[in-house]
Amino acid sequence: MSCPENALTLVRGAPRVVVFTGAGMSAESGLDTYRNDESGLWERVDPEAMASIDAWHRDPQPMWSWYLWRAHLARTAEPNAGHRAIAEWGRLRSVTVVTQNIDDLHERAGSDDVVHLHGSLFEFRCTECAAPFEVVGFPAVREPRMTPPACPRCGAAVRPGVVWFGEALPAAEWARAAEAMAGADLVVIVGTSGVVQPAASLPLLAVKAGVPVLEITPAPTELTRIADVSWSTTAARGLPVLVDAVRTGGLS
Ligand code: APR
């Protein structure tokens, strides 16, 4: 499906853009999404057992090895044409990336204004005193369990710097994202099913502020109904077309 003309009009006329991304943004880089029918990560891994704060307190070892291995997968993946298009867009206009993703592909593609709502695979801190901790090197093989290091300051277990089910989102990132959404001239939603709250409610702030919403998605999502335009394509195919329009079309 070629790019809808009203999508090109929206992107050409937007000096300040927010791109709201989810796991589908990294699918064409070879990283799993969570809810893609039979191939989604949560079809193979129980999120309650491997992505909740309760599970961490019960038995951190399987989670520690799983997140270190996921960090290896993300580090060995490459940004795709969609990540690179967003980074180029950021060199042409003001672009803030608000992502639910915990990989670093937006940054590695060159985006420099990235808000991580759900944390990062590459940040670690003490479970108790929150002292930051650096992990160097990630296992290429997923071990069933590994012992997390002890915090040098207080001795508690070091944890991944990601937001788990049962935890609040980081307040500073939430505030930055909410302000960006309400102050944008265009919000582009890419690669999220829009089912996880509170992140999925952020685009509603844009709608309330009268900001147009453009969605790029291969299949309808929970957010399709709030989009002014929903373009049925993928991140790596659709975003370069939008950025071409910005580059060649200028501000109308
Ligand atoms: N391009 C664009 N979108 C795609 C692509 C692609 N190549 N491939 C899949 N998608 C879409 C899917 O159709 C789906 O709508 O990406 C979306 C991925 O949805 P989820 O797997 O639910 O991922 P996400 O919305 O990011 O999940 C939100 O849930 O488990 C938590 O913390 C986790 O941040 C995650 C949150």
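The values are calculated or read from the model by the stated rules, or taken from the named source; none is laboratory data. Only a predicted model underlies this, so the values are computations on that prediction, with no experimental measurement involved. All Cβ positions, glycine included, derive from the backbone under ideal geometry; neighbour counts span all protein chains shown.
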Any hit, the range 156-171, residues being among the small types (G, A, S) and over 20 Å from S52 (Cα atoms): no
Hey, E78 within 26 Å of P203 (Cβ to Cβ), of a type in the set (D, E, K, R), in contact with a helix residue (DSSP H, G or I) (Cβ under 9 Å, 6 or more places away or on another chain) and modelled with pLDDT of 95 or more or not: no
Single residue of V135, V158, V187 found to be in a strand (DSSP E or B) and in the same structural domain as A51 (by TED's automatic domain parsing): V158
Residue list for the range 23-50, restricted to those being modelled with pLDDT of 95 or more and small (G, A, S): A23, G24, S26, A27, S29, G30
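This table checks each residue for (1) closer than 22 Å to A109 by Cβ; (2) out of contact with any Leu (no Cβ under 8 Å at 6 or more places or on another chain).
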{"site": "V187", "(1), (2)": "yes, no"}
{"site": "V190", "(1), (2)": "yes, no"}
{"site": "A199", "(1), (2)": "yes, no"}
{"site": "A206", "(1), (2)": "no, yes"}
{"site": "E215", "(1), (2)": "yes, no"}
{"site": "P220", "(1), (2)": "no, yes"}
{"site": "L223", "(1), (2)": "no, yes"}
{"site": "A235", "(1), (2)": "yes, yes"}
{"site": "L239", "(1), (2)": "yes, yes"}
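Among residues belonging to the range 215-252 that are outside any helix (DSSP H, G or I) and near the ligand (Cβ under 8 Å from one of its atoms), point out the one that is farthest from G30 (Cα to Cα). Steps first, please.
Let us first name the residues in the range 215-252 that are outside any helix (DSSP H, G or I), namely 215-223, 227-234, 250-252.
Now restrict to residues that are near the ligand (Cβ under 8 Å from one of its atoms): 216-219, 221, 233-234.
Numbers: I216: 18, T217: 17, P218: 16, A219: 18, T221: 21, T233: 17, T234: 13 Å.
Among them, the one singled out is T221.
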Selected residue (criterion: nearest to the chain's Cα centre (by Cα)) from residues of the range 46-73 that are within 15 Å of the ligand (Cβ to nearest atom) and loosely packed, with under 14 Cβ neighbours inside 10 Å: P47
Those residues of the range 56-71 which are out of contact with any strand residue (DSSP E or B) (no Cβ under 7 Å at 6 or more places or on another chain), closer than 15 Å to P144 by Cα and not in a loop (DSSP other than H, G, I, E, B), in sequence order: Q61, P62, M63, W64, S65, W66, L68, W69
Residues (at positive phi and either within 13 Å of the ligand (Cβ to nearest atom) or touching a residue at least 60 places away in the same chain (Cβ under 8 Å) (or both)) located in the range 161-213: G166, G191, G194
The range 102-115, subset within 16 Å of the ligand (Cβ to nearest atom) and within 20 Å of W69 (Cα to Cα), residue surrounded by the fewest Cβ atoms within 10 Å (Cβ to Cβ): D104
